[in-house]
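Asks: This is the structure I want to talk about, given as structure tokens.
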Protein chains: 2
Amino acid sequence: MTNDQLSQTFHALSDPTRRAMLARLSQGEINVSDLAKPFLKDMSLPAVTKHLKVLENAGLVTKSKDAQYRPCKLNGSPLKDANDWMETYRQYWEDSLDRLGEYLKTVKKSTKGKNHGRKK
Amino acid sequence: MTNDQLSQTFHALSDPTRRAMLARLSQGEINVSDLAKPFLKDMSLPAVTKHLKVLENAGLVTKSKDAQYRPCKLNGSPLKDANDWMETYRQYWEDSLDRLGEYLKTVKKSTKGKNHGRKK
DNA sequence: CCGATATTTAACTAAATGGTTAATTAACCA
DNA sequence: TGGTTAATTAACCATTTAGTTAAATATCGG
């Protein structure tokens with residue numbers, strides 16, 4: 001995996017376990033073992049710790065200390081950049097009844113001629 | 001990598017080469033070797049083909065046929081689900097001057113007492 | 001201090017990723 | 001037909017990932 005911020009964020013989101021952890025964290029702080037509980041039928045605690053580490057490395061989760069507990073907190077700020085990146089593609093998923101956009105695409109295509117878009 | 005749709009989409013976005021390919025594709029259809037051109041100083045053509053495959057598997061790119069060329073087209077629709085997923089976390093990255101939200105977090109914390117949030 | 005709980009680290013393994021070069025397939029065109 | 005271009009596939013390799021079990025660390029509480 002590449003280690004620029006945006007790549008790390010998208011990578012962290014590319015796993016259902018990690019997304020479920022974020023979902024739980026969106027309801028409030030929770031320590032590691034309580035956070036892990038729903039996943040322990042599928043994987044071990046160290047496996048959960050590793051997923052948590054991926055989220056931490058992406059900056060999506062921060063841990064603090066409370067006795068032997070490690071309360072985890074969601075930090076959404078990396079999602080802002082991810083969202084900004086996606087925003088530039090919005091027109092490509094919104095129903096493209098944007099006739100100007102459609103028209104321009106058509107024009108571009110028809111100017112290509114028979115040389116498959118390469119120089120003569 | 002997990003193979004549910006959303007995971008595949010986020011995974012596809014978690015690489016700068018693939019994001020650059022999408023950026024280029026957002027300007028219009030382009031065949032494989034023209035799309036590959038900017039990357040050939042960093043990697044071979046088969047490497048590009050593989051990245052393209054990841055984008056195809058995620059449904060973000062479709063290929064058609066024009067003689068020996070394979071024009072590639074951006075398909076943004078998988079980004080809709082990704083965006084919808086992120087949307088539910090918007091409040092966690094938008095500047096939280098949402099005083100109600102802040103207040104509720106505070107309350108939750110203070111009701112925990114000394115038992116670290118566990119049952120008696 | 002001691003035993004229990006919470007969490008992390010270590011050491012290992014199987015499978016996936018991301019790249020390579022060489023070979024193959026497919027279509028054009030002179 | 002035969003050479004050229006476009007693209008994919010095959011075979012291979014190094015590194016990373018995602019999991020495991022077992023051991024280590026840290027803090028609480030009696």
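The values are calculated or read from the model by the stated rules, or taken from the named source; none is laboratory data. Source: prediction; values computed, not measured. Cβ placement follows ideal geometry from the backbone for every residue including glycine, while neighbour counts extend to all protein chains displayed. Side chains are part of the model used for accessible areas, which takes the heavy atoms of the whole protein and leaves out ligands, DNA and RNA. Shrake-Rupley method; radii C 1.70, N 1.55, O 1.52, S 1.80 Å.
Asks: For residues in the range B:10-21 being more than 13 Å from DNA strand D (Cβ to nearest atom) and within 8 Å of chain A (Cβ to nearest Cβ), which is farthest from residue A:51 (Cα to Cα)?
Replies: Checking each candidate, the answer is B:19.
Asks: Please enumerate the residues belonging to the range B:47-67 that are β-branched (Val, Ile, Thr) and within 7 Å of DNA strand D (Cβ to nearest atom).
Replies: B:49
Asks: Pairs under 9 Å by beta carbon, first residue farther than 17 Å from residue A:79 by Cα in the range B:7-21, partner at pLDDT below 95 and assigned to a loop (DSSP other than H, G, I, E, B), six or more apart or different chains?
Replies: Partner pairs satisfying both residue conditions: B:8/B:1; B:8/B:2; B:17/A:2.
Asks: The conditions are (1) β-branched (Val, Ile, Thr); (2) open to solvent by 50 Å² or more (accessible area, probe 1.4 Å); (3) within 9 Å of DNA strand C (Cβ to nearest atom), and residue A:62 fails exactly one of them. Which is it?
Replies: For residue A:62, the exception is condition (3).
Asks: Scan the range B:1-58 for residues that are crowded, with 19+ Cβ neighbours inside 10 Å, among the acidic types (Asp, Glu) and more than 21 Å from residue A:8 (Cβ to Cβ) and jot them down.
Replies: B:29
Asks: Then there's this: Within the bounds of the range A:46-55, is there any residue that is within 9 Å of chain B (Cβ to nearest Cβ) and not basic (Lys, Arg)?
Replies: no
Asks: Also, quick follow-up: Can you name the condition, by its number, that residue B:76 falls short on among (1) within 16 Å of DNA strand C (Cβ to nearest atom); (2) open to solvent by less than 80 Å² (accessible area, probe 1.4 Å)?
Replies: (1)
Asks: Now for a different question. Please specify each residue of the range A:34-46 satisfying the condition of being within 12 Å of DNA strand D (Cβ to nearest atom) and closer than 23 Å to residue A:76 by Cα. Break it down into steps so the answer makes sense when it comes.
Replies: Pass one, the range A:34-46, residues within 12 Å of DNA strand D (Cβ to nearest atom): A:36, A:39-46.
Answer for the range A:34-46, where residues must be within 12 Å of DNA strand D (Cβ to nearest atom) and closer than 23 Å to residue A:76 by Cα: A:36, A:39.
Asks: Cβ contacts < 9 Å: first residue more than 8 Å from chain A (Cβ to nearest Cβ), restricted to the range B:22-35; second residue buried (at least 19 other Cβ atoms within 10 Å of the Cβ) and among the β-branched types (Val, Ile, Thr), any location; separation 6+ or different chain. Result?
Replies: Qualifying pairs under 9 Å: B:24/B:30; B:25/B:61; B:32/B:48; B:33/B:48; B:35/B:48.
Asks: Something else about it: The conditions are (1) more than 25 Å from residue A:3 (Cβ to Cβ); (2) near DNA strand C (Cβ under 7 Å from one of its atoms); (3) away from chain B (no Cβ under 14 Å), and residue A:68 fails exactly one of them. Which is it?
Replies: For residue A:68, the exception is condition (3).
Asks: Can I ask one more? Please go through the range B:79-95 and give me each residue that is open to solvent by 30 Å² or more (accessible area, probe 1.4 Å) and either within 16 Å of DNA strand D (Cβ to nearest atom) or among the hydrophobic types (A, V, I, L, M, F, W, C) (or both), ordered by number.
Replies: Taking the range B:79-95 as the starting set, the residues that turn out to be open to solvent by 30 Å² or more (accessible area, probe 1.4 Å) are B:80-81, B:84-85, B:87-88, B:90-92, B:94-95.
Selection gives B:85 alone.
Asks: Here's something else I'd like to know. Restricting attention to the range A:23-49, report how many residues are charged (D, E, K, R) and part of a helix (DSSP H, G or I).
Replies: Number of matching residues: 3.
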